[in-house]
Amino acid sequence: MATKIVGLGMHAPPKKLTNADLEKLVDTNDSWITERTGIKSRRIAELGAANSDFGLAASRKALADAGVRPDEIDLIVVGTCTPDMPLPSTACFLQKKLGARNAFAMDLNAACSGFLYSLSVADALIRAGRGKRALVLGSEILSSITDYTDRATCILFGDGSGAVVLAECPEGEGILSCHLQSDGNLWELIHCPGGGTVNPLTPELISRRMIYLRMSGNETFKHAVTKMADVAQKALSRNGYGVDDLALFIPHQANLRIINAVGKRLGVPQDRVFVNLERYGNTSAASIPIALAEAKAEGRLRAGDLVLLVAFGAGLTWGSALMRM
Ligand code: UT7
């Protein structure tokens, strides 16, 4: 048995944060942001919004798309680095809200690679016989850990949620392979120092802005390009395919220049690369499932298509999944 995606859904909050809005917050401008990132606008949650509520909206759409009831779901995996609370998991809040009473639920933190890690874990659990149907999400409220006084990071991130229903299928259909990698030696490139056991929450920690994400953008950029291209190539080689066989390439939506550089290294024509970051920014783990849901809505995921997903994020973590739709 293998697994395949049988339903897709996404949710993004209605409030928009445009480049013009950011010009009023930090020393930046629309032309710099557009040229360096490709981002024009992002969706931002209201203060105190629950990640699981975004996940609920995305999940309901994915379940409706699949024609599956919440009580038919055996496992829920939520890829997130911005949970509702440190504990319990966002997945357990989601389970309660959905009424998915027969599922076991857990979160998985692989930062921006969280959806691909979660997809791979759910695929492996189903193959191992631990369930027949999974709900897999990438769901983030990145604005909750974004420092809106730091122009190097606040221009990038947005909020949203994407969900897929994964179900058993015959071998040779659906997910053909997943490849996950990480390198903890490079943790400092993107991290959020405060709020865990090393730097517990204190008023001083908050005043030193240690509750917010920090990133060495330029160095991260270089790793993102080489590592995403390598792991994408690994997926193709392992399955005996070349880029010409791909109907669609869906990379993590971090920066248009990263996407273009990866596409160029692989030799994928631009019209086969999915891009929506101009409207959402970098939604971390949510970027790939949101892109998948939009690609389907636009008629760009047809039965039989070969689709390659590639992610990269803090950890560092990165990975790919090759699928036959
Ligand atoms: O989600 C997975 C992980 N994240 C990523 O993959 C993101 C990877 N990195 C990036 O996307 C890019 O590195 C950034 C968009 C963050 C930055 O672009 P860059 O081309 O690497 O710029 P830089 O950091 O090298 O900065 C170039 C200049 C600097 O000024 P000086 O030192 O040359 O005078 C920055 O201070 O641009 C300045 N700068 C800005 N200027 C206007 C940095 N941020 C801004 C800004 N507006 N928002």
Most mobile of VAL198, VAL268, VAL26 per a Gaussian network model of the chain (Cα springs, under 10 Å)? VAL198
With a/c under 1.5 counting as rounded, go ahead and sort the chain into rounded, prolate or oblate using the C-alpha gyration tensor (a ≥ b ≥ c being the square roots of the eigenvalues; past the cut-off, prolate if a/b is larger than b/c, else oblate). oblate
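State to the nearest 20 debye the size of the charge dipole of the chain about its Cα centre, where the only charges are +1 on K and R beta carbons and -1 on D and E beta carbons.
Dipole about the Cα centre, nearest 20: 280 debye.
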Residue among PRO193, THR90, ALA100 farthest towards the positive dipole end of the chain, charges placed on Cβ: ALA100
Counting only protein heavy atoms and leaving out ligands, DNA and RNA, the solvent-accessible surface of LYS61 at a 1.4 Å probe, in Å² to the nearest 10, equals 100 Å²
Charge tally for neighbours of LYS97 with beta carbon under 13 Å away, counting Lys, Arg as +1 and Asp, Glu as -1, is +1
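As a check on your grasp of the helix formula, calculate [θ] at 222 nm for the chain: sum -39500 (n - 2.57) over DSSP H runs of n ≥ 4, divide by the residue count, round to the nearest 500. Intermediate results must be reported in sequence, preceding the final value.
On the way: 11 runs with 109 residues, N = 325.
Rounded to the nearest 500, it is -10000 deg cm²/dmol.
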Counting only the heavy atoms of the protein chains, how much of ARG279 is accessible to a 1.4 Å probe, in Å² to the nearest 10? 90 Å²
May I have the pair-distance distribution P(r) for the stretch 2-172, computed from all Cα-Cα distances with 10 Å bins from 0 and rounded to whole percent? 11, 37, 29, 16, 7, 0
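The values are calculated or read from the model by the stated rules, or taken from the named source; none is laboratory data. As the structure is a computational prediction, the values presented were derived from the model and not from experiment. Positions of Cβ are generated from backbone atoms using ideal geometry, with glycine treated the same way; all protein chains shown enter the neighbour counts. These accessible areas exclude ligands, DNA and RNA; they are computed on the full protein's heavy atoms, side chains included. Shrake-Rupley method; radii C 1.70, N 1.55, O 1.52, S 1.80 Å.
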